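Chemist: Have a look at this one.
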Amino acid sequence: MSQITFPRGREIVLGVGAGIAAYKSCDVLRRLQDHGFLITVVPTPSSLNFVGKATWEALSGRRVNTDVWEDIPTVPHVSLGVKADLLLIAPATADLISRIAAGRADDLLTNTVLTTTAPILLIPAMHPQMWLNPATVANVETLRSRGIFVMEPAIGRLTGSDSGIGRFPESSEIIEKVLEVSQSKCDLLGKRFLITAGGTREAIDPVRYIGNRSTGKQGYALAFAAVKRGAIVDLIAANSAFPDIEGITTTHVESADEMNLLVQEKFPNSDALLMCAAVADAKPVLYSTDKIKKAKLSEIALQTNPDILSTAAKHRSESQVLLGFAAETNSDLVNYGKSKLNAKGVDFLYVNNVHNGAIFGSDLTSGYLLSNEGDVSQISEVSKDTLSNILLDKVSERLRYANV
């Protein structure tokens, strides 16, 4: 199975210049993490006089390098720039602005500036005389002419008794600018999402099981899209081979019973349940601890598995939103889907046609999105990443007025 490729939008490289305002970037880092961003900090060597490497590593949870001669096998001066979705430099000192404008590459941060194709946002912080100096003014104009975003510094108290323009802006203002430049959508900020993915397996004996064709690709895409939009995501993955996503709590299960127990445990504290997993409808009545010999494998007595989604719907609060998936081979998807939506008691149901193995493992999907308010939306040949955001738009809207 090929490794899933998620859309970009969560990786920020935070460059830190050698100014006293460097300590304020610790708060900026935390606020960015609150919005679902993953942060790699690249301080200039001189900035470590203000905030040390250990602090940045503790806050970001990632290794911190300052020099191009560190961690050579990973080629950090290139890999950081390629990986970044946004390069934020805060604070940007007069010296750092000058070096960037000149195209210099004398430390890891300025190397990264030259290698990245991501948007670059500078947050200047310096004394008024330095900000207003003709050299700095010219450098800022040069950077802006190249498409680099340079935020205006604030006016206020600076180092010592100085006051004026050049103060490091408030964290909230910087975050607002980051969201604008990165075009990030954080409408699910702080919401708790419980998402299931993959297909359950119901053991017959130590070798055989009853299962289905679900790979988990759609569920993982949903989880990534939700955390990218600021949600706190718990992912329950059934027999999926995709790697865990950084920033998402993933629990791996095998059977419907295991998934059911986790959903019952986590759903009461969730704002939304997105039941993307394909849960086997039945399981063997008896499990054989020894492999059943072929000659004796003439029939398997089955019993029905719990309906995880409808059970959750019966115990929901008014503010919780539920979305289910239905994979069918029936050509009348809309009417069949409406019956299933009503029977399960959910807010939304996405139903698609998997005839001849369609959809499973594919990057594309098509189907119908139904709501309990009677809306029907046809989804035609879109990526599973795109579908994820279509579904999250609906869930986000319902959450807004469910919690009014």
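The values are calculated or read from the model by the stated rules, or taken from the named source; none is laboratory data. Computed from a predicted model, the values in this text were never measured in an experiment. Quick reminder, even Gly has a Cβ in these numbers, built from the backbone with ideal geometry, and neighbours come from all protein chains shown.
Chemist: Residues of region 8-29 being basic (Lys, Arg) and at pLDDT below 95, which ones?
Modeler: Listed by number, the residues that qualify are ARG8, ARG10.
Chemist: Among what's in region 306-324 and is in a helix (DSSP H, G or I) and of a type in the set (Val, Ile, Thr), pick the residue that is surrounded by the most Cβ atoms within 10 Å (Cβ to Cβ).
Modeler: ILE308
Chemist: Turning to a different aspect of this structure: Within region 324-342, can one find any residue that is in contact with a His (Cβ under 6 Å, 6 or more places away or on another chain) and in the same structural domain as LYS266 (by TED's automatic domain parsing)?
Modeler: Yes, some residue in region 324-342 is in contact with a His (Cβ under 6 Å, 6 or more places away or on another chain) and in the same structural domain as LYS266 (by TED's automatic domain parsing).
Chemist: Sticking with this structure for a sec: Being outside any strand (DSSP E or B), out of contact with any Lys or Arg (no Cβ under 9 Å at 6 or more places or on another chain) and in contact (Cβ under 8 Å) with a residue 60 or more places away in the chain narrows it down to one of VAL140, VAL181, so name that one.
Modeler: VAL181
Chemist: Look through ARG104, ARG62 and report the one residue that is among the basic types (Lys, Arg) and farther than 21 Å from ILE175 by Cβ.
Modeler: Just one listed residue meets the conditions, ARG104.
Chemist: Still on this model: In a helix (DSSP H, G or I) and surrounded by fewer than 19 Cβ atoms within 10 Å (Cβ to Cβ), is that true of ALA105?
Modeler: no
Chemist: Got a sec? Which of LEU122, LEU188, LEU222, LEU194 is closer than 30 Å to PRO268 by Cβ and assigned to a strand (DSSP E or B)?
Modeler: None of the other options fit; the residue is LEU194.
Chemist: Can you give me the number of residues within region 164-178 that are touching a residue at least 24 places away in the same chain (Cβ under 8 Å) and farther than 26 Å from ASP271 by Cα?
Modeler: 10
Chemist: For GLY345, all conditions in the list (1) under 25 Å from the mean Cα position of the chain (by Cα); (2) touching a residue at least 12 places away in the same chain (Cβ under 8 Å) hold save one; what is the number of the exception?
Modeler: Failing condition for GLY345: (1).
Chemist: Continuing with this model, one more query. Restricting attention to region 325-352, which residues are acidic (Asp, Glu) and either crowded, with 21+ Cβ neighbours inside 10 Å or part of a loop (DSSP other than H, G, I, E, B) (or both)?
Modeler: Matches in region 325-352: ASP332, ASP347.
Chemist: For region 197-211, how many residues meet the condition of being touching a Phe, Trp or Tyr at 6+ places or on another chain (Cβ under 8 Å) and not in a strand (DSSP E or B)?
Modeler: Selection size over region 197-211: 3.
Chemist: Now a separate question. Among the listed residues LEU86, LEU143, LEU179, which satisfies the condition of being in contact with a Cys (Cβ under 9 Å, 6 or more places away or on another chain) and surrounded by 14 or more Cβ atoms within 10 Å (Cβ to Cβ)?
Modeler: Selected residue: LEU179, the only one of LEU86, LEU143, LEU179 that is in contact with a Cys (Cβ under 9 Å, 6 or more places away or on another chain) and surrounded by 14 or more Cβ atoms within 10 Å (Cβ to Cβ).
Chemist: Is there any pair linking a residue in region 380-401 that is over 16 Å from VAL227 (Cβ atoms) to one that is β-branched (Val, Ile, Thr), with Cβ under 6 Å and at least six apart or on different chains, and which?
Modeler: Once the first residue is over 16 Å from VAL227 (Cβ atoms) and sits in region 380-401, its partners that are β-branched (Val, Ile, Thr) give LEU387/THR365; ARG398/VAL321.
Chemist: Restricting to region 240-261, and then to whatever is modelled with pLDDT of 95 or more and part of a loop (DSSP other than H, G, I, E, B), can you tell me which residue is surrounded by the fewest Cβ atoms within 10 Å (Cβ to Cβ)?
Modeler: Of everything passing the filter in region 240-261, GLU254 is surrounded by the fewest Cβ atoms within 10 Å (Cβ to Cβ).
Chemist: On the basis of being in contact with a Gly (Cβ under 6 Å, 6 or more places away or on another chain) and among the hydrophobic types (A, V, I, L, M, F, W, C), does ALA225 make the cut?
Modeler: In short, no.
Chemist: Among the candidates ARG213, ARG229, ARG208, single out the residue that is touching a Cys at 6+ places or on another chain (Cβ under 7 Å), modelled with pLDDT under 95 and over 30 Å from THR136 (Cβ atoms).
Modeler: Selected residue: ARG229, the only one of ARG213, ARG229, ARG208 that is touching a Cys at 6+ places or on another chain (Cβ under 7 Å), modelled with pLDDT under 95 and over 30 Å from THR136 (Cβ atoms).
Chemist: Follow-up. What number of residues in region 33-59 are under 26 Å from the mean Cα position of the chain (by Cα), among the small types (Gly, Ala, Ser) and crowded, with 20+ Cβ neighbours inside 10 Å?
Modeler: Of the residues in region 33-59, 1 are under 26 Å from the mean Cα position of the chain (by Cα), among the small types (Gly, Ala, Ser) and crowded, with 20+ Cβ neighbours inside 10 Å.
Chemist: Is it fair to say LEU80 is within 30 Å of ALA225 (Cβ to Cβ), at pLDDT 95 or above, aliphatic (A, V, I, L, M) and buried (at least 21 other Cβ atoms within 10 Å of the Cβ)?
Modeler: No, not satisfied.
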